[in-house]
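What follows is one structure encoded as structure tokens, with my remarks underneath.
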Amino acid sequence: MFNTVIYFNKISNFYVIFSIILYSFISYNLYAQNNNAKPTFEEFMNKYSVYDKYIAGDIDFLAKVPSIQKLWGNTYQYIENLGSSNWIAIMKDPSKIYRYTDNNDVALLLGASSGLAYLYEGNIDKMNTLVNKLKRKINMNVASGDNYGLIIPLHYPLGTIGLSTYVNFQLPDNKIEGIGYWNDMLNALDHIPIPYIQLSTQINCWTAPMSIGLRFAFAPGFKDLYKPFIEDIEVDSIAYHAGLDLKFFIYRDKYFFVDTRADFNFDMGEINLNVANKKLFFEVPIENAANSGVLFNSSTYMGGKWTSFSLTPKITGGFKFQEKVPI
């Protein structure tokens, strides 16, 4: 009888322990279904970016900004304190974040993320476009007749040396679509006359059927030049060019010539931008109410340098017109 009681007590204790473990496991899973883990900043922004065109490609950048992370922590805590299920609803429909934009941390999180991403986009994407536009503009001075200036040629027995100055005019319009002063600046650049100073020479190789051409050029685009065209951003640029032309004569007579050329070009330059005391305003919607907004007063410096080298082989030909020389 005594052994039977002990055995029964052991079975009872086992069922009690098993029941506690089973209850804990079931409760944990039920709780987990109703209380998602805290969403990370990246998870929330990936979903919210559908409603904000500026931050879509810059979430990694924003995640590294301490002030944004502080606003994110305060925002999460504020909404969590109102009810643990609120973040579940927001992650299902990120537009529900606008229910809480009367809170400073929420409004600043959304507005500051837009503002910083906007500046960051200007530094990365627009700077590359700006440099390419400037390089194209400078190359047009040498490669086309879309310029006006003064050319001073000096001839010597083996060739010619010349000093030329150009001021190029508007390129064919290649308008950048978009809203904001970055796009306005890119479009204004097409209308800016940038002076170009070039020293060039061509040396004929005595009796050999070839000539060598050398070019050295300087293109100043100092900030005073840009001011009449771009008012809200201070722009300062400078560019240098060096070129080597090798021209080989294939056939030449009184009226017709054919030659082949190889142009070696080396370009380098620098452009600097300064956004001084620029006010940026970003609207943050408030659900069932008028839009609110976040206002920034910011100064931002950006700059970029470029270096490029190119080789262009080509074959040229045409007719020569001989002047009649009096005997």
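Do we find a residue being of a type in the set (F, W, Y) and either in contact with a helix residue (DSSP H, G or I) (Cβ under 8 Å, 6 or more places away or on another chain) or modelled with pLDDT of 80 or more (or both) anywhere in region 197-214?
No, region 197-214 contains no residue that is of a type in the set (F, W, Y) and either in contact with a helix residue (DSSP H, G or I) (Cβ under 8 Å, 6 or more places away or on another chain) or modelled with pLDDT of 80 or more (or both).
Within the span defined as region 264-287, one or more residues are modelled with pLDDT under 75, at positive phi and not small (G, A, S).
Considering region 126-180, the residues that are under 25 Å from I212 (Cα atoms) and β-branched (V, I, T) include one that is modelled with the lowest pLDDT, namely V142. Does Y51 qualify as being under 13 Å from L110 (Cβ atoms) and in contact with an Asp or Glu (Cβ under 7 Å, 6 or more places away or on another chain)? In short, no. Taken together, the criteria exclude K254 from residues that are under 30 Å from A107 (Cβ atoms), loosely packed, with under 15 Cβ neighbours inside 10 Å and among the basic types (K, R).
A count restricted to region 265-282 and to residues that are exposed (fewer than 15 other Cβ atoms within 10 Å of the Cβ) and in contact (Cβ under 8 Å) with a residue 40 or more places away in the chain stands at 3. Filtered by the rule that a residue be open to solvent by 60 Å² or more (accessible area, probe 1.4 Å) and either touching a Ser or Thr at 6+ places or on another chain (Cβ under 7 Å) or hydrophobic (A, V, I, L, M, F, W, C) (or both), region 35-52 gives A37, V50, Y51.
The residues in region 202-241 that are hydroxyl-bearing (S, T, Y), free of Cβ contacts under 8 Å to residues at least 40 places away in the same chain and surrounded by 14 or more Cβ atoms within 10 Å (Cβ to Cβ) can be counted, and the count is 2.
Filter region 247-260 for residues that are aromatic (F, W, Y) and part of a strand (DSSP E or B); which is modelled with the highest pLDDT? So, considering only residues that are aromatic (F, W, Y) and part of a strand (DSSP E or B), the one modelled with the highest pLDDT is F248. The condition of being in contact (Cβ under 8 Å) with a residue 60 or more places away in the chain, among the aliphatic types (A, V, I, L, M) and part of a strand (DSSP E or B) does not hold for L244. If you go through region 180-201 and keep only what is among the polar types (S, T, N, Q) and part of a strand (DSSP E or B), you end up with Q198, S200, T201. Of all residues in region 53-79, those satisfying the criterion of being touching a residue at least 40 places away in the same chain (Cβ under 8 Å) and either outside any loop (DSSP other than H, G, I, E, B) or surrounded by fewer than 18 Cβ atoms within 10 Å (Cβ to Cβ) (or both) are G57, F61, L62, V65, S67, I68, L71.
The values are calculated or read from the model by the stated rules, or taken from the named source; none is laboratory data. None of these values were measured; they are calculated from a predicted model. Here the Cβ is made from the backbone with ideal geometry for all residues, glycine too, and neighbour counts use every protein chain on show. Side chains are part of the model used for accessible areas, which takes the heavy atoms of the whole protein and leaves out ligands, DNA and RNA. Shrake-Rupley method; radii C 1.70, N 1.55, O 1.52, S 1.80 Å.
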